[in-house]
1. Based on this model, can you work out whether Ala42 counts as among the hydrophobic types (A, V, I, L, M, F, W, C) and without any contact (Cβ under 8 Å) to a residue 40 or more places away in the chain?
2. If I ask for residues that are touching a helix residue (DSSP H, G or I) at 6+ places or on another chain (Cβ under 9 Å), part of a loop (DSSP other than H, G, I, E, B), of a type outside the set (Lys, Arg) and surrounded by 15 or more Cβ atoms within 10 Å (Cβ to Cβ), which ones from region 40-78 would you list?
3. Only one residue in Gly72, Gly53, Gly39 is within 18 Å of Ser95 (Cβ to Cβ) and more than 12 Å from the chain's Cα centre (by Cα). Which one?
4. What's the number of the only condition in (1) modelled with pLDDT of 90 or more; (2) surrounded by 14 or more Cβ atoms within 10 Å (Cβ to Cβ) that Leu30 fails to meet?
5. Just to be sure, is Arg19 loosely packed, with under 15 Cβ neighbours inside 10 Å, in contact (Cβ under 8 Å) with a residue 12 or more places away in the chain and closer than 13 Å to Leu3 by Cα?
6. Run Val25 past the list (1) touching a strand residue (DSSP E or B) at 6+ places or on another chain (Cβ under 9 Å); (2) more than 20 Å from Leu96 (Cα to Cα); (3) buried (at least 18 other Cβ atoms within 10 Å of the Cβ) and report the number of the one that doesn't hold.
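The values are calculated or read from the model by the stated rules, or taken from the named source; none is laboratory data. The model shown is predicted, which means the values in this text are computed figures rather than measured ones. Using ideal geometry, Cβ is built from the backbone for each residue, glycine included, and neighbour counts are taken over all protein chains shown.
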Amino acid sequence: MTLTEAHDERGCHLALAGRLDVRTVADVRLPLHRTIAAGSTAVHLDLGAAHIGDATGFGLVVEVLRRARRAGRPLVVVAADDRTRRLFRRARMGSLLADEVLAGAVG
């Protein structure tokens, strides 16, 4: 699991790549929390190259959302595979999904 971070005038772009599950969430949890706590702009979360492997992986995404809200930072998922999009909709979090990938997202 890798985390890539970039910043521009639209906000903070975070891209996760790899399998997000009980074995890998610890690798990215603290860096994600620090990034959210340190900034003040919108957070664009790119899950296009990530695979949410279990409930722990999805739980980390929900945790990131809650931290962003508490920090006053809007969060939107700018890329996700079909399975991940279905998970968001089932959890009634579909409003977090961007309609299209932002140009210039982390890659």
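1. yes
2. Matches in region 40-78: Ala71 only.
3. Gly72
4. The single condition Leu30 does not satisfy is (2).
5. Yes: the conditions hold for Arg19.
6. Among (1) touching a strand residue (DSSP E or B) at 6+ places or on another chain (Cβ under 9 Å); (2) more than 20 Å from Leu96 (Cα to Cα); (3) buried (at least 18 other Cβ atoms within 10 Å of the Cβ), the lone unmet condition for Val25 is (1).
Okay, residues lined up against (1) touching a residue at least 40 places away in the same chain (Cβ under 8 Å); (2) of a type in the set (Lys, Arg):
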residue	(1), (2)
Arg34	no, yes
Gly48	yes, no
Leu65	no, no
Asp81	no, no
Arg85	no, yes
